[in-house]
Amino acid sequence: MTSTSAQIARSTESYVDTVRRLSSAQKTASRGAPAYSVYVNRRVGRYLAAGAFRLGLTPNNVTAVSAGFTFCAIGLLAIGEPSWWLGLVVWLLLAIGYAFDSADGQVARLRGGGSPSGEWLDHVVDSIKISTLHLAVLITMFTHFPLSSSTWLLVPIGFAAVAAVSFFAMILNDLLKAKHAPTAPLSTAPRSALRSFLGLPTDYGILCLSFVLLGAPLAFFGLYSLLFVANALYLALALGKWFRDMTALGRVEVARP
């Protein structure tokens, strides 16, 4: 869709029609995508994307809105005193930011496709938030939590490392596949609902939800630690699979005439 046809669509179709059109053009979720991201965040993002499109917002505008909500939450988490109300506000801001993060790509599809600069901006914002969120947890733990030992501060530090490596590896996977196997067919394996629900501990949306327990620091830290362990174990398993995938790409390139 060109910019002209996008303007025509905004003026002739209703909000409901935009949602339906976006739903029919929705990008297929990966086979093991976690359940919250698939069943909740993507759907909320769809409604936000339709509204943003009808307001004439660009994907970069939507990315900026997402960043605004997300970094407000991270700032409050770092400087605020843990409480039930703060936990609810942090969760709500992070969840809205996450939904808008899903919406920017959907707005791009409604407008006929994204741009390299838009994709770059989206990934840079994501890379900042996944590290600074855990650093904010580190600050609030150091400042306010009744820890029996400073060794527990290694948990958010480790979580930040796991999140950064996971994000970088997934982006690099896509980059290398596009470079070395651009004509490879997409996987046709059906998405597994069971696998999606088993992957919930690795879902960013569940991490956001964990902050509702901020008013009970020990309960929050217990859940946060379990999420860290789950994400670290997932990364350890995934790195082996991803390395085998990259090895297979090398064999395909060698065999190519």
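Numbers at a glance
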item	result
Wholly within region 1-91, helices (runs of 4 or more DSSP H) carrying at least 3 residues that are at pLDDT 85 or above and either within 30 Å of Leu147 (Cβ to Cβ) or not basic (Lys, Arg) (or both)	15-24, 42-54, 59-79
Positions within region 80-96 being within 23 Å of Pro59 (Cα to Cα) and open to solvent by 30 Å² or more (accessible area, probe 1.4 Å), in sequence order	Leu92, Leu93, Ile96
Any chance Ala108 is at pLDDT below 95 and buried (at least 21 other Cβ atoms within 10 Å of the Cβ)	yes
Some residue of region 223-231 being closer than 18 Å to Pro34 by Cα, open to solvent by less than 80 Å² (accessible area, probe 1.4 Å), at pLDDT 95 or above and of a type in the set (Ser, Thr, Tyr)	yes
Filter pass, Ala99 being out of contact with any Cys (no Cβ under 6 Å at 6 or more places or on another chain), at pLDDT 95 or above and open to solvent by 20 Å² or more (accessible area, probe 1.4 Å)	no
Residues that are among the hydroxyl-bearing types (Ser, Thr, Tyr), closer than 17 Å to Ser225 by Cβ and open to solvent by 40 Å² or more (accessible area, probe 1.4 Å), drawn from region 125-149	Ser148, Ser149
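Conditions (1) more than 16 Å from the chain's Cα centre (by Cα); (2) part of a loop (DSSP other than H, G, I, E, B); (3) modelled with pLDDT under 95; (4) among the aliphatic types (A, V, I, L, M), marked per residue:
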{"position": "Ile157", "(1), (2), (3), (4)": "yes, no, no, yes"}
{"position": "Arg191", "(1), (2), (3), (4)": "yes, yes, yes, no"}
{"position": "Arg195", "(1), (2), (3), (4)": "yes, no, yes, no"}
{"position": "Leu209", "(1), (2), (3), (4)": "no, no, no, yes"}
{"position": "Val212", "(1), (2), (3), (4)": "yes, no, no, yes"}
{"position": "Leu218", "(1), (2), (3), (4)": "yes, no, yes, yes"}
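The values are calculated or read from the model by the stated rules, or taken from the named source; none is laboratory data. Please read all numbers here as calculations on a predicted model, not as lab measurements. Every residue, glycine as well, gets a Cβ built from its backbone with ideal geometry; the counts of neighbours run over all protein chains shown. To get the accessible areas, we keep the full protein, side chains included, count just its heavy atoms, and leave off ligands, DNA and RNA. Shrake-Rupley method; radii C 1.70, N 1.55, O 1.52, S 1.80 Å.
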